[in-house]
Amino acid sequence: MKSLFEIGRYFVFLTKVFARPEKGKMYFKRFFEEIYSLGINSLGIVTIISVFMGMVITLQTAYNLENPLIPEYLVGLTTRDSMILEFSSTIVGLILAGKVGSNIASEIGTMQVTEQIDALEIMGVNPASFLVMPKIFAFMFILPFLVIFSIFIGVTGGFIISATTNVISIQDYLYGIHYAFNEYYVTYTLIKSVFFAFIITSVSSYFGYYTKGGALEVGRASTKGVVYSSIFILLFNYILTQLLLT
């Protein structure tokens, strides 16, 4: 019963979030502020994760394809498709669920326990819409760009391995990157990233918005936001893969 209650309250929360805004210009300003806060500030961790993922995929693929009957260019192809199909969307999404999700839940949760949200209501402002809607739209806008950036950095990481080690030649790696490229894979991963961005922001905001108590409850809300966001990312990753690739 508690699960059904939480699901119902979550959808009621979304109706509050997507209510008509009171002042469009203020929301527009907050939209760009959230792009910087949630997206641009995540470039560092996305870069680090992506370059090492690309390196590791290249090394592991090269070491496991040491067969004269298997062409070496498949290493570059595997790195490219692995980054596009799964790592740059799902793995980066899970990492950002921890970074962005915990930040959102703790921020809104702190505002709730310090009665700042109550103050917004007294002023006649819809706090759910004012605080959450710009975050959702901003992250849904910026995450696909982060995913494209992650793909590029991951493939570059593989190139660094091919240039600095003897596991594969640069020529074979570059040929593999270009070989049998399917543009739809990029469309697929961008669609997933939009769904993941919505999940991360809305679920984390939900747990933060309904925080009751003090600092301890804010920490619990932040943890719940990360955990449930990660679970739903994995669930929707399966669902979207079934719908879009089969």
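Some observations on this one:
- Counting only helices (runs of 4 or more DSSP H) wholly contained in the stretch 1-109, the ones carrying 3 or more residues that are out of contact with any strand residue (DSSP E or B) (no Cβ under 6 Å at 6 or more places or on another chain), β-branched (Val, Ile, Thr) and farther than 14 Å from Val155 by Cα occupy 2-17.
- All of Tyr206, Tyr184 fail the test of being of a type in the set (Phe, Trp, Tyr) and touching a residue at least 12 places away in the same chain (Cβ under 8 Å), apart from Tyr206.
- Options Gly158, Gly124; residue that is in a helix (DSSP H, G or I), over 22 Å from Phe195 (Cα atoms), touching a residue at least 60 places away in the same chain (Cβ under 8 Å) and of a type outside the set (Lys, Arg): Gly158
- Residue pairs whose Cβ atoms lie under 7 Å apart, separated by 6 or more positions or on different chains, with the first residue in the stretch 8-25 and within 13 Å of Val125 (Cβ to Cβ) and the second outside any helix (DSSP H, G or I), are Lys16/Asn126; Ala19/Asn126; Glu22/Val125; Glu22/Asn126.
- Verdict on Leu143 being in a helix (DSSP H, G or I) and without any contact (Cβ under 8 Å) to a residue 24 or more places away in the chain: no
- Long-range neighbours under 8 Å by Cβ, at least six apart or interchain, first residue over 13 Å from Leu96 (Cα atoms) within the stretch 226-239, second part of a helix (DSSP H, G or I) and among the charged types (D, E, K, R): Phe236/Lys192; Asn237/Lys192
- Residue match in the stretch 167-185 (condition: of a type in the set (Gly, Ala, Ser) and under 21 Å from the mean Cα position of the chain (by Cα)): no
- When Ser229 is tested against (1) more than 13 Å from the chain's Cα centre (by Cα); (2) surrounded by 24 or more Cβ atoms within 10 Å (Cβ to Cβ); (3) of a type in the set (Gly, Ala, Ser), only condition (1) is not met.
Bear in mind that the values in this text are calculations on the coordinates, not laboratory data. A quick note: this is a predicted structure, and the numbers were derived from the prediction, not measured. Positions of Cβ are backbone-derived with ideal geometry, glycine not excepted, and every protein chain shown enters the neighbour counts.
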